[in-house]
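Engineer: This structure is in structure tokens; I'll ask about it shortly.
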Amino acid sequence: MALVNENYSNLQSSYLFANIARKVAEFQKTHPDADIIRLGIGDVTQPLAPAVIESMHKAVDEMSQADTFRGYGPEQGYEFLRQAVIEHDYKPRGIQLDIDEVFISDGAKSDVGNIQELFSAHNTVAITDPVYPVYLDSNVMGGRSGQFVDGKFENIVYLPTNAENSFSPAFPEKRVDIVYLCCPNNPTGTVLTRQRLKEWVDWCKTNDTVLMFDSAYEAFISSEDTVHSIYEIEGAREVAIEFRSFSKTAGFTGTRCAYTVVPKDLVINTANGEKQALNPLWNRRQCTKFNGVPYIVQRAAEAVYSEAGYKQTREAIAYYKENARIIREGLEAIGLTVFGGIDAPYIWLKVPTGMTSWEFFDLLLEKVHIVSTPGAGFGPCGEGYLRLTAFGSRENTLRAIERIKTLKI
Ligand SMILES: *Cc1c(COP(=O)(O)O)cnc(C)c1O
């Protein structure tokens, strides 16, 4: 009989979104007339930009003619898109990348999850707490977590990230093989400073640690004092893999396109102490298990870098950022302590003293009919916080804040 991958039995069911859905469904059943506003979801709501749609239509037409039809494309992505990524996202920041260091994919989530396959199951992993759950769960599946004891995995190093350390986690007490950083951060909506990221790169170099740098929310950055790419920092090419996505940048959550940069200078060890570059391994992995992103979707992504496409996608981001400002200032006006929302579409608020994140979630749902996300769902250190998102419509965002202001807290 086939034996199951036992690592999967170590996975902790993420009750978070299922629990939220259940609570909302129950509330709706008992309050059929309640007008519920959802500020819990991490998904965009604005349509694709006109320039993106136009490019996509053109590509669809190409697929209808034998002489312009495309079958399997390069597993790493078409050159036109990889080149556009280099020209627009890296060159203007003084970063030189070779075309074979950029891998187009169907999502940063898949890449972040799949990359761990290149590493031995014996590697040690550090994650921030709270965290985007994919970093943790993919390593549980890969057998690096150990058992779940008292709310934590015994072999995972958790880096508490909270108001006490200004959302800038301390380094692990002893070296780890792999560390994940998400900047701008989901769920806290905060960024790390350029200086702190330089310290992280230096720490990784000193400790032979690989840095997984997720910058899916890069397009939301307004602060000067952070980086748009980890490769703005000297030495990062030797330690860091960078994950980017068109999902939040250009509303591609349902269209699916992202990219990962694996620099050729990034080398790790083989069991007998030889050096192994990760770039050819990732190339091999993608060529073996992935057949590329649809031509139509890659043409759509390319249009994000056109003059019109860039302008239009930035307008959508400005719209979400204005929502974030409305939420932030609205909550501050009633005396709540809020973080994030400046460089990210997430507002991370401290729940009123004496309440848990789930209690405040319930209060918002029952009293003002607003759906949020309890911080505790993102890790033990998320307890005491709650996440609101700026991805809703302007109208709903304004109405939600007016309702929250009626609460006596
Ligand atoms: C939304 C998000 C992504 C993007 O994932 P895709 O698979 O490209 O849609 C990556 N990382 C984080 C932290 C995210 O919140």
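Engineer: Starting from region 185-210, take each residue that is without any contact (Cβ under 8 Å) to a residue 40 or more places away in the chain and within 28 Å of Gly384 (Cα to Cα) and list its partners that are away from the ligand (no atom under 16 Å from the Cβ) and among the hydroxyl-bearing types (Ser, Thr, Tyr), counting only C-beta distances under 8 angstrom and pairs at least six apart or across chains.
Structural biologist: Cβ pairs passing all conditions: Leu192/Ser168; Thr193/Ser168; Arg196/Ser168.
Engineer: Scanning for something of a type in the set (Phe, Trp, Tyr), closer than 25 Å to Glu307 by Cβ and assigned to a strand (DSSP E or B), does region 256-267 turn up at least one residue?
Structural biologist: yes
Engineer: I need the full set of residues from region 207-216 which are within 16 Å of the ligand (Cβ to nearest atom) and either outside any strand (DSSP E or B) or within 24 Å of Leu349 (Cα to Cα) (or both), in order please.
Structural biologist: Asp214, Ser215, Ala216
Engineer: I would also like to ask the following. Filter region 298-344 for residues that are aromatic (Phe, Trp, Tyr) and not in a helix (DSSP H, G or I) and give the result.
Structural biologist: Passing the criteria: only Phe339.
Every residue, every condition in (1) within 16 Å of the ligand (Cβ to nearest atom); (2) under 30 Å from Arg70 (Cα atoms), yes or no:
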{"residue": "Leu197", "(1), (2)": "no, no"}
{"residue": "Asp202", "(1), (2)": "no, no"}
{"residue": "Ala219", "(1), (2)": "yes, no"}
{"residue": "Phe252", "(1), (2)": "yes, yes"}
{"residue": "Val304", "(1), (2)": "yes, yes"}
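So that you can scan it fast, the table gives a plain yes or no per residue for (1) farther than 21 Å from Ser222 by Cβ; (2) surrounded by fewer than 21 Cβ atoms within 10 Å (Cβ to Cβ):
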residue	(1), (2)
Gly146	yes, yes
Asn165	yes, yes
Pro172	yes, yes
Arg175	yes, yes
Val179	yes, no
Thr190	no, no
Glu199	yes, yes
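Engineer: Separate question: What are the residues in region 81-124 that are of a type in the set (Val, Ile, Thr) and either under 17 Å from the mean Cα position of the chain (by Cα) or within 16 Å of the ligand (Cβ to nearest atom) (or both), if any?
Structural biologist: Val85, Val102, Ile104, Val112, Ile115 - these are the residues of region 81-124 that are of a type in the set (Val, Ile, Thr) and either under 17 Å from the mean Cα position of the chain (by Cα) or within 16 Å of the ligand (Cβ to nearest atom) (or both).
Engineer: Next question. Yes or no: region 386-403 includes at least one residue that is surrounded by fewer than 22 Cβ atoms within 10 Å (Cβ to Cβ), modelled with pLDDT under 95 and among the hydrophobic types (A, V, I, L, M, F, W, C).
Structural biologist: No, because not a single residue in region 386-403 is surrounded by fewer than 22 Cβ atoms within 10 Å (Cβ to Cβ), modelled with pLDDT under 95 and among the hydrophobic types (A, V, I, L, M, F, W, C).
The values are calculated or read from the model by the stated rules, or taken from the named source; none is laboratory data. In this text, all values refer to a predicted model and were calculated from it rather than measured experimentally. Here the Cβ is made from the backbone with ideal geometry for all residues, glycine too, and neighbour counts use every protein chain on show.
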